[in-house]
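Below: the structure, in structure tokens.
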Amino acid sequence: MGDAVKVRRLSTDSNLDRPMGRAELRAESVTRVFRSRRSEVHALGPVSLTIGAGQFVSLVGPSGCGKSTLVKLIAGLLTPTEGEFTIATPDGRPPTIATVFQDFGIFPWKTVLDNVALALRAQGVDAPTARSRAVHWLERMGLESFQKAYPSTLSGGMKQRVAIARALATEPDVLLMDEPFASLDASLRQLLQEDLLTIAQQDVGRTVVFVTHSLEEAIFLSHRVIVMSSRPGTVLDDVEVPFPRDRDASIRESLEFNTLRGTLWEHLKGQVSRPQTTKGR
Ligand SMILES: Nc1ncnc2c1ncn2[C@@H]1O[C@H](COP(=O)(O)OP(=O)(O)OP(=O)(O)O)[C@@H](O)[C@H]1O
Ligand SMILES: [Mg+2]
């Protein structure tokens, strides 16, 4: 099944009873060590950084440097070994967080619509509202005619659209995406990047942390790119991307884009080949 769909520029009103987003992330000297009887892996840190409300930030770094560990710490799936991690909302309410991973994580035995609606039901949203919000987000991701389809009938790109629709339908303050497009071929990946950019341009308040191995993807999508060192990952470089939010695909061809990619690669290159110094892996 093809993936030549386009995200809809629909109204962003989705029956919310609260303003979306405005969550600020703060890591203060955060480290994470994985200990077992036989080994000790210093996976991350110390990392100190602030990600402002509404920022789209990409994390790049060599394999095993702790990017997924950082994402799991933000998601609350792991706790720091040392240091403190906080997510501040303006009114002090607990932040809502959604994650999208590389392997889609959708239920094969549920239809596309049910996959999205289920996430909302799990949040306590009543069935009719869950359904209408799910339909809204499937439309925004260009999936309106696939509501009754089962995931096994969909391409990888379509499955990832379902996973993104499901994450966004929960209207999270913070969206965490860990290599969401890594398993897609180059052209599908580019389409999904453009669609994600469109959504990010519309939903201005949401804070997004996006992990990728692609510098092009990071620059294209983000306000800011953070380059991490090899394990234990620390912040090696923190670069503002000099393009406005309403950028489009043409920036990929610009000199500025390619110069920035070259600069980031210079920083990353030394890390990719640097030998690991901590015992275990
Ligand atoms: N639950 C765990 N127990 C023990 N070690 C772990 C655990 N999770 C991660 N690690 C180790 O911590 C380090 C960082 O892992 P992590 O998955 O965060 O890296 P990553 O930057 O996401 O890598 P990749 O780019 O390959 O996805 C690695 O050495 C990994 O083997
Ligand atoms: Mg990872």
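Of note:
- Rolling a 1.4 angstrom probe over the chain with all protein chains present gives an accessible area of which 52% lies on carbon and sulfur atoms.
- Backbone amide hydrogens, once placed in the peptide plane, bring residue 236 within less than 5 Å of 227, 228, 229, excluding anything fewer than 5 places away on its chain.
- The count of lysine pairs in the chain with alpha-carbon distances below 18 Å, taking only pairs 8 or more places apart or on different chains, stands at 5.
- For the range 158-243, the antiparallel share of DSSP beta bridges with both residues in that region comes to about 50%.
- Average accessible area per residue (Å²) across the range 105-171 - probe 1.4 Å, nucleic acids and ligands excluded: 38
- Per-pair calculated FRET efficiency, R0 = 25 Å: residue 224 and residue 253 via Cβ, rounded to 0.05: 0.70
- Residue-by-residue Karplus 3J(HN,Hα) for the range 90-103, coefficients 6.51, -1.76, 1.60, Hz, glycine and proline x: x, 9, x, 6, x, x, 9, 10, 10, 10, 10, 10, 4, 8
- Choice from 64, 156, 205 showing the highest fluctuation, given a GNM over the chain with Cα pairs closer than 10 Å: 64
- Structural descriptor for the range 100-182: relative contact order 48 percent, calculated from alpha carbon pairs under 8 angstrom and at least 6 residues apart.
- When you restrict to C-alpha pairs under 8 Å that are six or more residues apart and normalise by the size of the chain, the relative contact order lands at 28 percent.
- Selected from 169, 182, 134 as most flexible by GNM, with the chain as the system and alpha-carbon contacts under 10 Å: 182
- For the chain, the share of DSSP beta bridges that are antiparallel, to the nearest 5, is 50%.
- Extension reserve of the residue 216-residue 75 stretch, reckoned as 0.36 nm per residue once the Cα distance is removed: 48.2 nm
- A probe of 1.4 angstrom, applied to the heavy atoms of all protein chains, finds residue 30 with accessible area near 0 square angstrom.
- Label-to-label distance, residue 272 versus residue 153, with points set 7 angstrom from Cα along the beta-carbon direction: 4.1 nm.
- Residue 44 long-range amide H proximity, modeled H, under 5 Å: 32, 233
- A DSSP coil position with no more than 15 other Cβ atoms inside 10 Å describes the following trypsin sites (Lys or Arg not before Pro) in the range 28-131: 37, 38, 110.
- Working note: Karplus 6.51/-1.76/1.60 with θ = phi - 60° gives the range 185-201 the couplings 6, 4, 6, 4, 4, 5, 4, 5, 4, 5, 5, 5, 4, 4, 5, 5, 5 Hz, where Gly and Pro are set to x.
- When the Cα gyration tensor is reduced to axis lengths a ≥ b ≥ c, the ratio a/c is 1.5 or higher for the range 73-217, and with a/b not above b/c it is classed as oblate.
- Length gained when the stretch residue 240-residue 35 is fully extended (0.36 nm per residue, less Cα-Cα span): 70.3 nm
- For residue 177, residues with placed amide H under 5 Å, excluding near neighbours: 100, 209, 210, 211
- Phi to ³J(HN,Hα) by Karplus 6.51 cos²θ - 1.76 cosθ + 1.60 over the range 240-249, Hz, x for Gly, Pro: 6, 8, x, 10, x, 4, 8, 5, 9, 4
The values are calculated or read from the model by the stated rules, or taken from the named source; none is laboratory data. For clarity, every value in this text was computed on a predicted model and none was experimentally measured. Backbone-built Cβ (ideal geometry, glycine too); neighbour counts: all protein chains shown. Surface accessibility is based on the protein's heavy atoms, side chains included, excluding ligands, DNA and RNA. Shrake-Rupley method; radii C 1.70, N 1.55, O 1.52, S 1.80 Å.
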